[in-house]
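Undergrad: I have a structure here, written as structure tokens, and I will follow up with some questions on it.
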Amino acid sequence: MAIGATDRKPVRWHIGVFLLPAALVYSAIMIIPLAATLYQAFFSKSWSFVGLQNFETLFTDPRLSASFWNALRNNTWFFIIHMLVQNPIGILLAALLSNPRLRLRGFYRTVFFVPTILSFVIVGFVWKLILSPTWGVSQGMLKSAGLGWLFQPWLGKEEYALTALSLISVWQFIGIPMMLIYAALLSIPDEVIEAAECDGITGWSQFWKIQLPLVLPAIGICSVLTFVGNFNAFDLVYAAQGAAAGPNYSTDLLGTLLYRTFFGYQLQLGDRAMGSTIAAVMFLIILTGVCIYLFLVQTRLRRYQF
Amino acid sequence: MSKATHSPARSIAAHAVLLTYTLIALFPVFVIVINSFKSRKAIFSSPLGLPGPETFSLIGYETVMKRGDFPLYFQNSLIVTVVSLFFVLLFGAMAAFALSEYRFKGNTLMGLYLALGIMIPIRLGTVAILQIMVASGLVNTLTALILVYTAQALPLSIFILSEFMRTVSDDLKNAGRIDGLSEYKIFFTLVLPLVRPAMATVAVFTMIPIWNDLWFPLIIAPSEATKTVTLGAQMFIGQFQTDWNGVLSALALAIVPVLVLYLIFSRQLIRGITSGAVK
């Protein structure tokens, strides 16, 4: 143990000096504003205390609640698509990459991560252009594959836009689950695999019975990261569909709703109190998700870890 | 590995899947970059063709240079990213050192307090952050962005760095103490150089979200003089929606610097994510 940690007792100023800058910036710019935002959710626009009235308005007011429930529903669907598409593809790619005899591993790893480093603005516009019927890149490609009938202006149709956008987001972030699962696969001790092989468990059944259960904790982490990211998403929708999250609010997420409510959009004036209320609801949703993960999922998964 | 896992058929199948995904991952970037070098007519007549002598054109880039102040946006992004990174690394390493090196009252509590921000996004405090920035006159300054990004990145970097600092040998630090080095000297001259690889990892992790962020530039620094590349590109594209050459060139210009940086640092980044596994 460190000398001076126990015996002599002068005030150890250096500990404070080391901690102070980080604690100061973090508290002043993150924790205090977060608390202040939550606090404002209980006040009206004119700063009188209104208790839970803002929440009541958000949940029941005919105009606002329609947008809120719509955004929440969309956000949930956005998350479901992520979980259904991103985890299986991530696991598949990671499993293929984790084979130590595979050539070009480094190349594939690098390439699969490229979309993740691009900004939302780039990703949003790139896909908007590619899916645009005006340009016709995707249409042309589908046609040449004999699938021309499949083409739809996906981002422009209410019934497809949200799913298309979710898939774009999956395309962008697939690198993260892939890498985390890949790392987990590499950390499985060789002895475990060898023992399985001695018992005649190879190939796919080895993957299902041995490797997959062992990487469940990594999948759990990916899921909670995805959850937090999804319920806080804003940029992609804003870049691809604008603040109005068109067509007809079909891609509206809680993040875009928060932006429009807080800052106002077109004829609608910005509303600080309602903005804080939406932020508070998002906070509760994210907190619930994280707690479920920490207290229910992670504690159960731990017994698989080495 | 068993014989079963490296039969040729298996490996061909694996490469087929991986190559397919390579195409999916790179295709959009490829399409944008090649088309940014083509004339308007060629963009529409053969969107997938490479720019040839007849179709080559730099008109898009000319529009971007004339209409958007991209050098300035680029400079803003660079300042914000580099300065935030500096503070995140310095403050983060200092706090991580305090938490991992000393035993004091409230150590665990402090660690938990600082870790809160890993899971709770800073965006949810936007309403009050804007109020603070307005009250302190920092709206539309790069300082505001730097402060926000420093706060945003500190929790994760403290977490990662303190994990690494636990691995620095106690003997080394105690030898320094016996030689009469102050705690500050021990930190700056003994410990920091040893955790340089971890610092690089944290730097890459921190850099990407800062460079790519749209929310905070849009809300606390949207003025012409403080626009970042991400916001500048967003505004430019929104304004020139129908100028396909301009839009494609702006996108290509936004992609290239990040791509180059990534290719330089990708090893670091991937090693960072997979560290703990690949020892």
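Any read-out appearing in this document is the output of simple, stated calculations on the displayed coordinates, not a laboratory observation. Only a predicted model underlies this, so the values are computations on that prediction, with no experimental measurement involved. Cβ coordinates were reconstructed from backbone atoms using ideal geometry, including for glycine residues, and neighbour counts include every protein chain displayed.
Undergrad: Return the distance in nm (one decimal) between the two label points of a simple spin-label model at A:T134 and B:L90, each offset 7 Å from Cα along Cα→Cβ.
TA: It is 4.7 nm.
Undergrad: Averaged over peptide B:90-101, how many Cβ atoms belonging to another chain are found within 10 Å of each residue's Cβ?
TA: Working: counts 2, 9, 3, 2, 7, 7, 3, 4, 10, 4, 0, 5.
Neighbouring Cβ atoms belonging to other protein chains average 5 per residue here.
Undergrad: Would you look at the GNM of chain B, springs on alpha carbons closer than 10 Å, and say which of B:A96, B:A153, B:A16 moves the most?
TA: B:A16
Undergrad: I'd like the distance separating the alpha-carbon centroids of the range B:200-238 and the range A:231-303, in whole Å.
TA: 20 Å
Undergrad: Something else about it: For the protein assembly as shown, count the residues as N, evaluate 2.2 N^0.38 Å, and divide the Cα radius of gyration by that value, please.
TA: Numbers: Rg = 25.4 Å, N = 585, 2.2 N^0.38 = 24.8 Å.
Taking N as the residue count of the protein assembly as shown, the ratio is 1.02.
Undergrad: Let me ask another. Within a 10 angstrom radius of each residue's Cβ in B:14-24, how many Cβ atoms of other chains show up on average? Whole number is fine.
TA: Going residue by residue through B:14-24 and averaging, the value is 5.
Undergrad: What's the longest bit of chain A with no exposed trypsin sites (Lys or Arg not before Pro), using DSSP loop states and at most 15 other Cβ atoms within 10 Å as the test?
TA: Here the longest run is A:158-306.
Undergrad: From largest to smallest, what semi-axes in whole angstrom does chain B give when each is the square root of 5 times an eigenvalue of its alpha carbon gyration tensor?
TA: One finds semi-axes of 41, 30, 16 Å for chain B.
Undergrad: Using a Gaussian network model of chain B whose springs link C-alpha atoms within less than 10 Å, name the residue from B:A225, B:A254, B:A203 with the highest mean-square fluctuation.
TA: Between B:A225, B:A254, B:A203, it is B:A225 that shows the largest mean-square fluctuation.
Undergrad: Further question on the same structure: Give, to the nearest whole percent, the P(r) tail of the range B:9-84 beyond 16 angstrom, counting all Cα pairs.
TA: 68 percent
Undergrad: Sequence neighbours fewer than 8 away in the same chain don't count; with that in mind, list the aspartates and glutamates whose C-alpha is under 19 Å from B:K227.
TA: Here the aspartates and glutamates satisfying the reach criterion relative to B:K227 are A:D235, B:D69, B:D213.
Undergrad: Continuing with the same structure: So how strong a dipole does the range B:71-215 carry about its Cα centre when Lys and Arg Cβ are +1 and Asp and Glu Cβ are -1, to the nearest 20 debye?
TA: Taking the Cα centre of the range B:71-215 as origin, the dipole is about 120 debye.
Undergrad: If you don't mind, another one. Relative contact order for chain B: what percent, with Cα pairs under 8 Å and sequence separation of 6 or more?
TA: Averaging sequence separation for qualifying contacts and normalising by length gives 29 percent for chain B.
Undergrad: With r defined as the distance between the Cβ atoms of B:L26 and B:S223 and R0 fixed at 45 Å, what FRET efficiency is calculated, to the nearest 0.05? If you can, show how the numbers build up before the last one.
TA: Details: r = 36 Å, r/R0 = 0.79.
With R0 = 45 Å, the Cβ-Cβ based efficiency is 0.80.
Undergrad: Okay, moving on. Rounded, prolate or oblate: pick one for the range A:49-304, where a ≥ b ≥ c are the square roots of the eigenvalues of its C-alpha gyration tensor, a/c under 1.5 means rounded, and failing that, prolate if a/b is larger than b/c, else oblate.
TA: Numbers: a/c = 2.80, a/b = 1.43, b/c = 1.96.
Note, shape of the range A:49-304 comes out oblate.
Undergrad: Divide, for the range A:22-155, the radius of gyration over alpha carbons by 2.2 N^0.38 Å, where N is the residue count. It would help to have the intermediate numbers written out before the result.
TA: Values: Rg = 23.3 Å, N = 134, 2.2 N^0.38 = 14.1 Å.
Its radius of gyration relative to the 2.2 N^0.38 Å reference: 1.65.
Undergrad: Could you give the spread of the C-alpha atoms of the range B:71-215 along their three principal axes, from largest to smallest, in whole angstroms?
TA: Principal extents (largest minus smallest coordinate, Cα): 50, 36, 24 Å.
Undergrad: Also, quick follow-up: Using r as the Cβ-Cβ distance of B:T242 and B:F56, and R0 as 25 Å, what FRET efficiency do you calculate, to the nearest 0.05?
TA: 0.70
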